[in-house]
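*Asks:* Mind having a look at this structure? Questions to follow.
Where a number appears in this text, it was derived from the coordinates with a stated rule and is not lab data. Predicted model only: the values in this text are computed from it and were never measured. Ideal geometry is used to build each Cβ from the backbone, glycine not excepted, and the neighbour counts take in all protein chains shown.
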Amino acid sequence: MKKVSIIIPVYNEKDTIKLLLENVENASFCNLEKEIILVDDFSSDSSREILKELNSKYKVLFHDKNKGKGAAIKTALKEAIGDFIVIQDADLEYSPSDYDKILPFLINDEADVVYGSRFLDTSNSKNFMWKNKAANIFLTFLTNILFKTKITDMETCYKAFKKDVIKNINIKSDRFNFEPEITAKVIRNKVRFKEVPINYNARAHSQGKKIKWQDGIQAIIALLKYRFFD
């Protein structure tokens, strides 16, 4: 039976992690066998203690200092054994059930990488904070200019890969610049790429959203860097 590895980076998500895991458990993921890998990125709230209690149920890994989302994904990838690899944030902005729209393209060998696009579903428009929406649109526009693509949502969390595709990419970014780096390298490797519409329910910074304007600058730098260099 085919298996999907669900990578969940965690940093200060005590209020959402248990419900998120319940949602992941209840989602079918196209009836694939699930391997759930959580990486605590040195949380300063009680997330770390919550995950220690779940260590016997899931594969839980711990960083000894805060390194960033990209670093957490890299840590998880070393342990992932699924035929397909997907990324799931530990908050509730995305619905795990949407992976049922994404995974069939990998399972049926119609794509090697599939992104869940928040912008292809126009009903999500009202769910964005305007600053974040503008930043996402600009970064996606820049991606398309640099790489001559027609992607609609470069910064989406929902990214799914065939195992060999992502494990053969040398990921260098440790923080949110993981998103532009992996996108740049997927495009440069000329793999079969697909986008599908997904649901999105944004949270505000007061609710724990962590991405900042400085991360946007780092994303621009990463796009320019990985357009020309490995």
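*Asks:* Looking only at residues that are farther than 21 Å from Ser5 by Cβ and under 21 Å from the mean Cα position of the chain (by Cα) in the stretch 42-64, which one is surrounded by the most Cβ atoms within 10 Å (Cβ to Cβ)?
*Replies:* Ser43
*Asks:* Moving on. Return the pairs, sorted by first residue and then second, in which the second residue is assigned to a helix (DSSP H, G or I) and of a type outside the set (Lys, Arg), the first residue lies in the stretch 36-49 and is within 15 Å of Ile81 (Cβ to Cβ) and in contact (Cβ under 8 Å) with a residue 24 or more places away in the chain, the beta carbons are less than 8 Å apart, and the residues are 6+ apart or on different chains.
*Replies:* Once the first residue is within 15 Å of Ile81 (Cβ to Cβ) and in contact (Cβ under 8 Å) with a residue 24 or more places away in the chain and sits in the stretch 36-49, its partners that are assigned to a helix (DSSP H, G or I) and of a type outside the set (Lys, Arg) give Ile36/Leu21; Ile36/Val24; Ile37/Ala76.
*Asks:* Follow-up. Which of (1) more than 13 Å from the chain's Cα centre (by Cα); (2) under 26 Å from Cys30 (Cα atoms) does Glu93 not meet, given it meets every other one?
*Replies:* The number of the failed condition is (1).
*Asks:* Picking from Glu179, Glu155, which residue would you name as being under 15 Å from Asn136 (Cβ atoms) and either touching a residue at least 60 places away in the same chain (Cβ under 8 Å) or small (Gly, Ala, Ser) (or both)? Write out each step before concluding.
*Replies:* Values: Glu179 fails: either touching a residue at least 60 places away in the same chain (Cβ under 8 Å) or small (Gly, Ala, Ser) (or both).
Selected residue: Glu155, the only one of Glu179, Glu155 that is under 15 Å from Asn136 (Cβ atoms) and either touching a residue at least 60 places away in the same chain (Cβ under 8 Å) or small (Gly, Ala, Ser) (or both).
*Asks:* Check whether at least one residue in the stretch 196-204 is at positive phi, among the charged types (D, E, K, R) and either without any contact (Cβ under 8 Å) to a residue 24 or more places away in the chain or surrounded by 14 or more Cβ atoms within 10 Å (Cβ to Cβ) (or both), and report yes or no.
*Replies:* no
*Asks:* Just one of the numbered conditions (1) on the phi > 0 side of the Ramachandran plot; (2) crowded, with 20+ Cβ neighbours inside 10 Å is not true of Thr156; which one?
*Replies:* Going through (1) on the phi > 0 side of the Ramachandran plot; (2) crowded, with 20+ Cβ neighbours inside 10 Å one by one, Thr156 breaks only (1).
*Asks:* Going through Ile8, Ile87 one at a time, which residue ends up being within 19 Å of Tyr158 (Cβ to Cβ) and touching a Cys at 6+ places or on another chain (Cβ under 7 Å)?
*Replies:* Result of the check over Ile8, Ile87: Ile87.
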